[in-house]
Structure formats: structure tokens, C-alpha cells
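Visitor: Below is one structure. I have some questions about it.
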Amino acid sequence: MTKITAVLLAAGQGTRMKSDLPKVLHPVCGRPMALYGLDAARSASTETPVLVVGVGAAEVRKTLGEEVEYVLQETPLGTGHAVKQAESLLKGKTDYVIVTYADMPLLRGSTLQKLVQAQISNSGPMSMLTAIYDDPRGFGRVIRKTDGTVAEIVEEYVATPEQLAVKELNVGAYCFRADWLWDALHRIPMSKKGEYYLTDTVELARKDGLPVQAIVLDDLVEIIGVNTRIHLSEAEAAMRQRINQMHMLNGVTLIDPASTYIEAGVTIGADTVIWPNTYIQGETSIGQGCSIGPNTHIRESKIGNRCKVFMSVMEGALLENDVDMGPFARLRKGARLCDHVHMGNFGEVKDSTLGPGVKMGHFSYIGNAQIGPDVNIGAGTITCNYDGEKKHPTEIGEGVFLGSDTMLVAPVKLGEFARTGAGAVVTRDIPADSLAVGVPARVVRTLERKKKVDNP
């Protein structure tokens with residue numbers, strides 16, 4: 001079996017980012033940019049990818065985890081020197097080596113696969129990616145021979161006017177025959193800047209009388225590399241467009257993709273409609289046939305089928321099926337709204353479950369509560385769950401009716417089909433089928449439970 005290993009270069013200081021965060025950890029659509037490069041590398045290789053790290057190595061390793069091999073470039077001596085750090089790990093263990101940069105989040109795995117296939121078919125030791133582009137973006141120019149193979153890569157700062165006019169650019173992604181690469185890395189001359197450049201391998205191949213192949217990228221978005229915050233914003237915009245297009249092709253309606261922000265970890269079911277100015281972040285999943293937005297922010301939440309979330313905020317929350325909420329509703333961490341719950345405007349729920357069919361009209365706060373099915377929560381109802389030191393639970397049974405402005409001073413339990421009058425301050429448990437009123441609330445009578453009548 002042919003073994004293919006990817007080496008990603010992530011040791012650069014990223015000084016132009018002007019940040020304490022290592023450059024490759026800056027997020028693009030909610031994910032550290034290096035993760036995109038690692039995903040692309042995995043899809044094109046057979047072995048565990050290798051990440052060459054330098055400045056901020058410990059933080060990079062902590063963030064990206066252990067599903068990648070790490071090698072350290074202690075001194076920044078150029079790209080050729082960086083790849084050389086992987087020699088002791090990979091020499092004799094792989095047939096081909098992909099080399100690319102961890103700050104190119106838009107480079108697709110399918111593109112790297114094409115690069116690998118080009119090299120497998122190449123009689124020479126290396127193949128590379130290029131792009132035809134009017135804006136050189138500081139890339140080196142690719143000079144071809146008359147037979148179409150690559151003669152040399154000329155860096156922009158040393159190029160002649162004639163070479164600067166060349167539109168074919170070196171993208172910075174290569175596939176090498178491994179045995180040739182390890183030898184070539186030791187033959188790279190030191191530059192005037194005191195560094196060893198990987199691009200000099202093209203000259204070494206020419207001196208060896210071996211051809212260097214190049215394949216041209218079709219999608220110029222893939223060449224966006226991140227060196228400044230301006231580049232980061234370009235990558236963010238391009239990735240967001242790619243994500244939005246994917247969802248639309250999968251049957252999701254985006255009313256205005258330009259004002260819709262969906263991060264990479266989000267899944268959305270078919271026939272869901274996303275309205276403008278909506279932000280969906282983290283590992284969020286949304287079911288089928290939902291209506292989300294406008295002006296809605298959802299993070300790390302799960303939404304079932306046929307839900308409506310209108311001008312609201314959710315974080316760490318769960319909606320089951322056929323729930324509608326908003327406008328101006330807020331679900332905080334641990335909120336769970338079961339099937340057919342209605343939550344109106346200016347309500348807030350935290351660390352609580354609202355059972356099936358609960359109606360929570362407006363201007364209410366529910367915290368640390370377990371609420372049974374078919375409960376009516378009157379306007380202005382508050383669970384007073386925090387005593388200044390600890391939070392306490394509230395339990396509300398099936399069919400309870402809470403009058404407007406009810407204060408539930410936890411810990412407290414309300415039995416099935418109990419009722420409170422408007423303005424009641426409940427400090428003690430209320431039995432089932434009882435009416436409590438007043439401040440503090442007291443039971444004034446027992447209620448006769450209405451029998452359910454089935455339709456004939």
C-alpha cells in the first residue's frame with residue numbers, strides 16, 4: 001500500500017497579526033484555521049498528519065489535540081528547515097510527502113488529492129500547485145519550461161520586471177517523493193537572509209535533470225493565506241460563503257446569505273428557513289422545517305423539527321419538536337423546551353425543563369425548575385431560585401396554572417393542577433388541586449379537577 005503523509009507548516013511567528021494568539025489558532029467561522037488544513041490533509045493522505053510548530057507550540061498542541069504528530073522547529077530558519085524537522089519521524093516510513101501551510105484554511109482536500117495523483121504519475125520528484133491570478137499577493141512567480149514543466153520559482157522581492165509580469169503564482173502546496181525529499185533538504189543552500197527555502201527544491205530537481213510538474217487551481221479562493229487581520233477577514237468571508245452554499249445545496253433556504261452567519265460545526269435539516277441577521281455558532285444542530293430568525297443568535301444548541309425561533313437568543317439549550325419562541329426570548333445553558341412549548345416575548349429560562357405543551361407567555365424568568373406538561377406560566381412569573389449563597393429547585397406538576405406576577409420562592413413544589421392567584425408569593429409547597437393566593441400565598445380552597453372529554 002502506498003503511504004502518503006502530510007506535513008503542515010505552523011511554526012511561523014505571525015508577527016503581522018499583532019496578536020498573542022498563535023496565528024494558526026485564529027478562528028475562521030468558529031474553528032481554528034489550522035483544523036481546516038488538517039482536515040484537508042487527512043482526506044488526501046493515508047497516515048497521521050504532522051504539524052511543524054514553533055512559537056506558541058504548547059498552546060497549539062493543547063488546542064488541536066493529539067490526533068496529529070508534532071515536531072518542533074526551535075529556530076525559525078525557513079520553510080526548508082521546517083520540513084527537515086519531520087525527517088527523523090518520517091524517513092523510511094512513507095512514500096510521498098504533502099507539504100502545505102496551516103494558515104491556508106480554504107485549500108480543499110480534493111485539491112490535495114489531485115496534487116497527490118499528479119505526483120504519483122510524475123516521473124520527477126515533486127509536483128506543486130499554482131494559480132493564475134492578477135493580484136500576486138506576495139507569492140513567488142512560477143517560470144515554466146517550453147515543455148510545460150516548472151523551471152524555477154522566483155520570489156517577488158528578487159524578481160525582474162519581466163518575471164513580475166508573470167501571472168502564474170506559487171500557491172505553497174507540494175507533493176514530494178519522500179526518498180528524494182530527505183536528500184534534497186540537506187542540499188538546500190542558505191539564502192542571503194540566513195534561511196533555507198523549500199522553493200529551492202525546484203532548482204535542485206532541475207540540476208538533477210528531473211521534471212517538476214504543476215497543476216493549476218480552478219478556484220482562486222483556495223489560495224487565500226492568512227498573514228494579516230485583513231487576510232483573516234477575507235478568509236472568514238470566503239469560508240462563510242462556502243458554508244452557506246453547502247447548506248443551500250442541502251435544501252436549506254437562506255433569505256439573505258450575505259447577512260447570515262453560520263459556523264463550520266452547524267448542521268441544518270432540509271426545508272428550514274434562515275432569516276437575515278442570524279448567527280448560528282458552535283456544535284449546533286437544527287432539524288427540518290424550522291424557521292430561524294431574523295435577528296437571532298444560537299450557540300451550542302439543539303433544535304428539533306418544525307420549530308420557530310424569532311428574534312431570540314439561545315446558548316447551550318435544547319428545543320424538542322414544534323416549539324415556538326420569541327420575540328426577545330432567551331434560553332441559557334441547560335434550558336430544555338419539550339414538544340409544543342410556547343415561549344413568548346421577554347422570557348428567560350436557565351437550567352430548567354418546560355414539559356410538553358407548556359405556555360410561557362411573556363416577562364417571566366424560570367431557573368432551576370422542572371415544569372410538568374400543560375402548565376400555564378402567567379406573565380411576570382419569577383422563580384426566586386437564588387438566596388445569595390445557593391440555588392434551589394422549583395417543581396411544578398402537570399396542568400398547574402400560575403397567575404400573573406407569581407413569585408415562586410425556592411425550594412418549593414406545586415402539585416398537579418394547582419393554581420395561584422395574580423401576585424401570589426409562594427413560600428411553601430402547594431398541594432395538588434389547590435388554589436393559593438396572597439403574600440405569602442396560602443391555600444384558600446380545593447379545586448375540582450376538570451375531566452378530559454374525548455371527542456366522539
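Visitor: So residue 60 fits all but one of (1) assigned to a strand (DSSP E or B); (2) hydrophobic (A, V, I, L, M, F, W, C); (3) out of contact with any Phe, Trp or Tyr (no Cβ under 7 Å at 6 or more places or on another chain); what number is the exception?
Guide: If we test residue 60 against (1) assigned to a strand (DSSP E or B); (2) hydrophobic (A, V, I, L, M, F, W, C); (3) out of contact with any Phe, Trp or Tyr (no Cβ under 7 Å at 6 or more places or on another chain), just (1) comes out false.
Visitor: Looking at segment 218-237 only, could you name the residues that are of a type in the set (A, V, I, L, M), over 18 Å from residue 110 (Cα atoms) and either touching a strand residue (DSSP E or B) at 6+ places or on another chain (Cβ under 6 Å) or buried (at least 20 other Cβ atoms within 10 Å of the Cβ) (or both)? Show your work before the answer.
Guide: Taking segment 218-237 first, the residues of a type in the set (A, V, I, L, M) are 220-221, 223-224, 226, 230, 232, 235, 237.
When the remaining residues are screened for being over 18 Å from residue 110 (Cα atoms), the result is 226, 230, 232, 235, 237.
Correct list: 226, 232, 235.
Visitor: Give segment 20-50 a look and list any residue that's in contact (Cβ under 8 Å) with a residue 40 or more places away in the chain and either in a loop (DSSP other than H, G, I, E, B) or farther than 27 Å from residue 281 by Cα (or both), or say none.
Guide: Scanning segment 20-50 gives 26, 29, 30, 44, 45, 46, 47, 48, 49, 50.
Visitor: If you check 355, 367, 399, 372, which single one turns out to be touching a residue at least 24 places away in the same chain (Cβ under 8 Å), buried (at least 18 other Cβ atoms within 10 Å of the Cβ) and at positive phi?
Guide: Being touching a residue at least 24 places away in the same chain (Cβ under 8 Å), buried (at least 18 other Cβ atoms within 10 Å of the Cβ) and at positive phi holds for just one of 355, 367, 399, 372, which is 399.
Visitor: Can you find a residue in segment 386-401 that is part of a strand (DSSP E or B) and over 41 Å from the mean Cα position of the chain (by Cα)? I'd like the intermediate steps shown before the answer.
Guide: At the first step, the residues of segment 386-401 found to be part of a strand (DSSP E or B) are 386, 391, 394-396, 401.
Going one step further and asking which of them are over 41 Å from the mean Cα position of the chain (by Cα), we end up with 401.
Checking segment 386-401: at least one residue is part of a strand (DSSP E or B) and over 41 Å from the mean Cα position of the chain (by Cα).
Visitor: A follow-up question, please. If residue 311 satisfies all but one of (1) under 24 Å from residue 350 (Cα atoms); (2) touching a strand residue (DSSP E or B) at 6+ places or on another chain (Cβ under 9 Å), what's the number of the condition it fails?
Guide: (2)
Visitor: Taking residue 240 as meeting all but one of (1) surrounded by fewer than 16 Cβ atoms within 10 Å (Cβ to Cβ); (2) of a type in the set (Lys, Arg); (3) over 30 Å from residue 78 (Cα atoms), write down the number of the exception.
Guide: (1)
Visitor: Please go through segment 265-288 and pick out each residue that is touching a helix residue (DSSP H, G or I) at 6+ places or on another chain (Cβ under 7 Å) and among the polar types (S, T, N, Q).
Guide: Initially, segment 265-288 is screened for residues touching a helix residue (DSSP H, G or I) at 6+ places or on another chain (Cβ under 7 Å), giving 268, 276-277.
Once the filter is applied, which keeps residues that are touching a helix residue (DSSP H, G or I) at 6+ places or on another chain (Cβ under 7 Å) and among the polar types (S, T, N, Q), segment 265-288 yields only 277.
Visitor: Still on this structure: All but one of (1) under 30 Å from residue 308 (Cα atoms); (2) in the same structural domain as residue 132 (by TED's automatic domain parsing); (3) β-branched (Val, Ile, Thr) hold for residue 278; state the number of the condition that does not hold.
Guide: (2)
Visitor: Residues being in a loop (DSSP other than H, G, I, E, B) and closer than 20 Å to residue 113 by Cβ: count how many of those fall in segment 1-19. Reasoning before the result, please.
Guide: Residues of segment 1-19 that are in a loop (DSSP other than H, G, I, E, B), as a first pass: 1-3, 11-14, 18-19.
Now narrow it down to the ones that are closer than 20 Å to residue 113 by Cβ: 1-3.
Total satisfying the criteria: 3.
Okay, residues lined up against (1) hydroxyl-bearing (Ser, Thr, Tyr); (2) surrounded by fewer than 14 Cβ atoms within 10 Å (Cβ to Cβ); (3) modelled with pLDDT under 95:
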site	(1), (2), (3)
129	no, no, no
134	no, yes, yes
140	no, no, yes
160	yes, yes, yes
182	no, no, no
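Visitor: Just one of 152, 168 is closer than 29 Å to residue 95 by Cβ and touching a helix residue (DSSP H, G or I) at 6+ places or on another chain (Cβ under 9 Å); which is it?
Guide: On the way: 168 fails: touching a helix residue (DSSP H, G or I) at 6+ places or on another chain (Cβ under 9 Å).
Answer to the selection: 152.
The values are calculated or read from the model by the stated rules, or taken from the named source; none is laboratory data. No experiment lies behind these values; they were computed from the predicted model shown. Glycine also receives a Cβ, built like all others from the backbone with ideal geometry; neighbour counts cover every protein chain displayed.
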